[in-house]
Amino acid sequence: MPSKSLEELASFCKRRGFVFQGSDIYGGVKGIYDYGPMGVELIKNIRRHWWNSVVYNRDDVEGLEASLISHRKAWQYSGHEDGFSDPLVVCMKCGLRMRQDKMVDTTKCDSCKASELAPPKDFKLMIGLSVGATEGELNAYLRPETATLTYINFKNILDCTSRKIPFGIAQTGKAFRNEIAPRNFLFRLREFEQAELQFFVNPKTDMEWFEKWKADRMAWWTDIMGIPAERLRFTEHEQLIFYAKAAFDIEYKFPYGFDEVEGVHNRQDYDLGSHTKAQDEFDIKAKVRKNTDSTAKLSYTDPATNETYIPFVIETAMGTNRCFTAVLDNAYTEEDFGDGNTRIVLKLHPRLSPVKAAIIPLAKNVPEIVAMAEEIRKSLKFLGTGRIMLENSGNVGKSYRRHDEIGTPLCITVDHQSLEDKTITIRDRDSMEQIRLPASELRDYFANFYRTL
Ligand code: ATP
């Protein structure tokens, strides 16, 4: 059973150290958040499993980590400087600023319901910068997506890897958009993270690859993120942007309804084509271009057929923070045992859990018990699965509760009996069942538990 509302999830996230409002002690900045001790582990796990699936588990994708700040020209030629905007409507009565296409009723203010609205105007979403000692001249932008930096590096990567089409370039990293109305907790942010793949294909095979990636990405959400298929769906774009041939959103059922978490797009040759034009212009001005046979610098010549073309791009673009929210929302469970006892448990797939195991000495003042627990923690932490915590509060009930809430799959307790017969207990988060095992078998048990993840 997922959370009841994103407000409930947000307050849970704060209480349990997943997410805090950015610049919290100064009153916060809308649409900007910080990740606490549990949140940083969860988001890293999501990122890692995206990378595993898109890069390591395949043999046709390279990685890239491009800069956050890039040359103004990159965003002029990509079409963003002129075209990347949302329609802004301002209420003349209460001053509320709204994004027209997201308003409840475009004739009334979302807040005060007044109908005195200023005519919509294009509000630019990119955050411009003045880099260097330039007296405020706009010469760079914070990137609003990772994809453009991938196109700009296409030739660099092609040259240094000798890749042949089809192949892809994957990136994870921050993006910045000056959203008019950040909302829904981590759903619409001004600083967010993307996990994007640009897969370059021969134009003759584009739809074949599009269908493959569409299926692959949905399978990742269900099989790797552990989200039930009925909480996900594809929605086809009703109106395609001029350069797209096909576009689908993957949507997750948030407490307020289905909403986009990832896009799968066939962008044709728009991006490499746009930057190719830019390169031509630059080279002609700089008089450094010698080869005038080809107009396309970001083109590709197939070594087997000698065919030269601008590759088509199949893009999969996921918002990591939206994935984080969906995963948390889906895992959040309130259990009522009917006898007045309840618990909150985060039923995360163990591969995503921020803490892999908690070691709990049952008597915090018995040094031998604490020492044995510490030994166990040391032996498990070197298995490299992730964070292993020693919980020496002396209150086992509280420790179980806390670890249920942050989704720790296994709690391992050490008690007086452990000192006598060298056994420990392992408690399963979901069933709450406990088994007793010789401590000498724990490493194998643990390695097996996490081996299949
Ligand atoms: P939307 O229609 O919600 O504004 P978009 O279609 O503009 O999103 P894309 O540019 O395709 O989004 O970006 C790819 C992904 O990046 C989205 O599916 C989403 O998960 C994520 N994303 C985009 N904008 C934001 C944002 N402001 N906050 C958080 N995630 C975002």
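The values are calculated or read from the model by the stated rules, or taken from the named source; none is laboratory data. For clarity, every value in this text was computed on a predicted model and none was experimentally measured. Backbone-built Cβ (ideal geometry, glycine too); neighbour counts: all protein chains shown. Keep in mind that these areas ignore ligands, DNA and RNA; they rest on the heavy atoms of the full protein, side chains included. Shrake-Rupley method; radii C 1.70, N 1.55, O 1.52, S 1.80 Å.
The set of residues from the range 243-274 being open to solvent by 60 Å² or more (accessible area, probe 1.4 Å) and either small (Gly, Ala, Ser) or within 11 Å of the ligand (Cβ to nearest atom) (or both) comprises just one member, GLU260.
For the range 319-333, the set of residues classified as small (Gly, Ala, Ser) and touching a His at 6+ places or on another chain (Cβ under 9 Å) consists of ALA331 only. PHE199 meets the conditions (1) in a strand (DSSP E or B); (2) surrounded by fewer than 20 Cβ atoms within 10 Å (Cβ to Cβ) in every case but one. The failed one is (2).
Taking the range 194-248 as the range and being hydroxyl-bearing (Ser, Thr, Tyr) and farther than 27 Å from LEU158 by Cβ as the test, the residues that pass are THR222, THR235.
Among the residues of the range 42-62, those that are open to solvent by 50 Å² or more (accessible area, probe 1.4 Å) and closer than 30 Å to PHE12 by Cβ comprise LYS44, ARG47, ARG48, TRP51.
With respect to GLU281, determine if the residue is at pLDDT 95 or above, out of contact with any strand residue (DSSP E or B) (no Cβ under 6 Å at 6 or more places or on another chain) and open to solvent by 70 Å² or more (accessible area, probe 1.4 Å). So GLU281 fails the test.
Of everything in the range 209-221, what is more than 15 Å from the chain's Cα centre (by Cα) and open to solvent by 10 Å² or more (accessible area, probe 1.4 Å)? Give them in sequence order. Step through it out loud before you land on a result.
Let us first name the residues in the range 209-221 that are more than 15 Å from the chain's Cα centre (by Cα), namely 209-216, 219.
The answer is TRP209, GLU211, LYS212, LYS214, ALA215, ASP216, ALA219.
Kindly indicate whether any position in the range 149-164 is within 16 Å of the ligand (Cβ to nearest atom), open to solvent by less than 30 Å² (accessible area, probe 1.4 Å), touching a residue at least 24 places away in the same chain (Cβ under 8 Å) and under 30 Å from LEU6 (Cα atoms). Let's see the steps before the verdict.
If we filter the range 149-164 for residues that are within 16 Å of the ligand (Cβ to nearest atom), which is where we start, we get 149-151.
This time we only want the ones that are open to solvent by less than 30 Å² (accessible area, probe 1.4 Å), so: 149-151.
So of that shortlist, the ones also touching a residue at least 24 places away in the same chain (Cβ under 8 Å) come out as 149-151.
From what is left, the residues that are under 30 Å from LEU6 (Cα atoms) are none.
No, the range 149-164 contains no residue that is within 16 Å of the ligand (Cβ to nearest atom), open to solvent by less than 30 Å² (accessible area, probe 1.4 Å), touching a residue at least 24 places away in the same chain (Cβ under 8 Å) and under 30 Å from LEU6 (Cα atoms).
Assess whether GLU65 counts as being in a loop (DSSP other than H, G, I, E, B), open to solvent by less than 60 Å² (accessible area, probe 1.4 Å) and modelled with pLDDT of 95 or more. Spelling it out, it is not the case that GLU65 is in a loop (DSSP other than H, G, I, E, B), open to solvent by less than 60 Å² (accessible area, probe 1.4 Å) and modelled with pLDDT of 95 or more.
Starting from residues that are under 17 Å from the mean Cα position of the chain (by Cα) and not β-branched (Val, Ile, Thr), keep the ones in the range 21-36 and report whichever is surrounded by the most Cβ atoms within 10 Å (Cβ to Cβ). Outline the logic, then answer.
Within the range 21-36, the first condition is being under 17 Å from the mean Cα position of the chain (by Cα), and the residues that meet it are 31-36.
Next cut, not β-branched (Val, Ile, Thr) only: 31, 33-36.
Details: GLY31: 20, TYR33: 25, ASP34: 12, TYR35: 20, GLY36: 16.
Result: TYR33.
Residue count for the range 145-163 under the criterion of being of a type in the set (Lys, Arg) and either at positive phi or part of a helix (DSSP H, G or I) (or both): the result is 1. Within the range 186-209, not a single residue is at pLDDT below 95, touching a strand residue (DSSP E or B) at 6+ places or on another chain (Cβ under 8 Å) and over 21 Å from ARG47 (Cβ atoms).
Mind checking whether some residue in the range 353-370 is more than 24 Å from the chain's Cα centre (by Cα), free of Cβ contacts under 8 Å to residues at least 12 places away in the same chain and open to solvent by 20 Å² or more (accessible area, probe 1.4 Å)? Yes, because at least one residue in the range 353-370 is more than 24 Å from the chain's Cα centre (by Cα), free of Cβ contacts under 8 Å to residues at least 12 places away in the same chain and open to solvent by 20 Å² or more (accessible area, probe 1.4 Å).
Against the condition under 24 Å from ASP259 (Cα atoms), away from the ligand (no atom under 16 Å from the Cβ) and surrounded by fewer than 19 Cβ atoms within 10 Å (Cβ to Cβ), how does GLU374 come out, does it pass? Walk me through it before giving the result.
Details: under 24 Å from ASP259 (Cα atoms): no; away from the ligand (no atom under 16 Å from the Cβ): yes; surrounded by fewer than 19 Cβ atoms within 10 Å (Cβ to Cβ): yes.
The answer is no for GLU374.
Yes or no, residue by residue, for (1) part of a loop (DSSP other than H, G, I, E, B); (2) touching a Gly at 6+ places or on another chain (Cβ under 6 Å); (3) farther than 28 Å from SER299 by Cα; (4) within 13 Å of the ligand (Cβ to nearest atom):
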residue: ALA195; (1), (2), (3), (4): no, no, no, yes
residue: TRP213; (1), (2), (3), (4): no, no, no, no
residue: ILE227; (1), (2), (3), (4): yes, no, yes, no
residue: ILE241; (1), (2), (3), (4): yes, no, no, yes
residue: THR276; (1), (2), (3), (4): no, no, no, no
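For the range 311-332, a residue qualifies if it is surrounded by fewer than 24 Cβ atoms within 10 Å (Cβ to Cβ), under 27 Å from SER431 (Cβ atoms) and either among the small types (Gly, Ala, Ser) or out of contact with any helix residue (DSSP H, G or I) (no Cβ under 9 Å at 6 or more places or on another chain) (or both), and exactly one does: ALA331. Count of the range 165-193 residues, restricted to those that are open to solvent by less than 40 Å² (accessible area, probe 1.4 Å) and either of a type in the set (A, V, I, L, M) or not in a loop (DSSP other than H, G, I, E, B) (or both), is 17.
If we scan the range 92-109, do we find a residue that is open to solvent by less than 30 Å² (accessible area, probe 1.4 Å), out of contact with any Cys (no Cβ under 8 Å at 6 or more places or on another chain), of a type in the set (Lys, Arg) and assigned to a loop (DSSP other than H, G, I, E, B)? Spell out the reasoning first.
So in the range 92-109, the residues open to solvent by less than 30 Å² (accessible area, probe 1.4 Å) come out as 98, 103, 109.
Retained after the next criterion (residues that are out of contact with any Cys (no Cβ under 8 Å at 6 or more places or on another chain)): 103.
Now drop any that are not of a type in the set (Lys, Arg), which leaves none.
No, that holds for no residue.
Residue by residue through the range 403-427, note down the ones that are more than 18 Å from ARG377 (Cα to Cα) and either open to solvent by 10 Å² or more (accessible area, probe 1.4 Å) or modelled with pLDDT under 95 (or both). Passing the criteria: GLU405, GLN417, GLU420, ASP421.
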